[in-house]
Amino acid sequence: MCSFNFSIHRMLKPFITSVILANLLFLSHAHAGMKKWVDEYGRVHYGDRIPFKYLRSEHSELNEHGIVIKESEKMMSEEEYSRATEEQKKKAEADKRKLIEMRRAALRDRVLLDTFTTEKDLIIARDARLEAVDSQISLAETLIKNDEKKLRDVKDRIAGIEASGREAPKNLHKEVTSVSKQLENNYGFIEDKNNERIYIMESFTADVKRFRELMKAKHEAKSRSKD
């Protein structure tokens with residue numbers, strides 16, 4: 001039995017010796033500032049200096065006990081850095097827009113509660129704005145009717161003059177251009193006002209809904225304070 005154990009010991013002795021020597025070799029080289037890096041094949045290397053080609057890769061610094069005391073992350077390429085910068089910029093802009101929207105919403109809530117006492121007050125304000133817009137549309141429609149008649153009359157005069165073989169005065173042609181431009185402006189004005197009318201309806205519909213939510217929250221908070 002003893003002879004068998006002695007034989008195993010003799011067989012393992014070279015291996016144990018090599019492990020001890022390897023550890024001693026590592027410890028003899030391990031000192032503050034020792035570097036550790038991994039090459040492109042995944043192999044770990046140690047040394048006093050990191051080869052230039054691996055400076056941009058992930059690496060670390062060890063103390064005299066072989067413990068990592070400093071780690072350096074992989075440096076981004078120019079393309080990666082540019083992409084990361086652009087993403088950060090987009091995120092910052094999105095956060096800024098979100099903050100602005102939150103502030104606007106808070107301001108709108110405050111205005112709603114400070115300006116209106118009941119939902120009926122909102123309806124009255126909405127109808128007043130719609131009435132003002134409708135009056136402007138009605139006036140523009142009247143101007144359009146007058147200008148359309150005026151344009152027809154001027155064109156008839158020009159046609160009559162030219163039918164007699166004469167040349168129509170330049171001022172009549174200028175008047176056609178002027179009245180046509182005025183008609184175009186009034187048509188555009190009515191279109192804008194109709195869009196404004198739609199916006200008022202949608203805006204006040206949203207305001208009424210939000211006003212109900214705010215009033216409900218206000219009453220609930222008042223009830224809780226009493227409890």
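Within region 139-157, residues that are closer than 15 Å to Lys174 by Cα have Cβ atoms under 9 Å from residues that are charged (D, E, K, R) and in a helix (DSSP H, G or I) in these pairs: Lys150/Glu175; Leu151/Glu175; Val154/Glu175, counting only partners at least 6 apart in sequence or on another chain.
Residues that are within 30 Å of His219 (Cα to Cα) and β-branched (Val, Ile, Thr): does region 186-202 have at least one? Yes, region 186-202 contains at least one residue that is within 30 Å of His219 (Cα to Cα) and β-branched (Val, Ile, Thr). Screening the candidates Thr117, Thr142, Thr177 for the property of being part of a loop (DSSP other than H, G, I, E, B), exposed (fewer than 13 other Cβ atoms within 10 Å of the Cβ), of a type outside the set (D, E, K, R) and within 48 Å of the chain's Cα centre (by Cα) yields one hit, Thr117. Candidates in region 120-139 are the residues that are within 30 Å of Thr177 (Cα to Cα) and either not assigned by TED's automatic domain parsing to the domain that holds Lys209 or not charged (D, E, K, R) (or both); of these, the one that is nearest to the chain's Cα centre (by Cα) is Val133.
The values are calculated or read from the model by the stated rules, or taken from the named source; none is laboratory data. Model, not experiment: these values are computed from the prediction. Cβ: placed from backbone, ideal geometry, glycine included. Neighbour counts: every protein chain shown.
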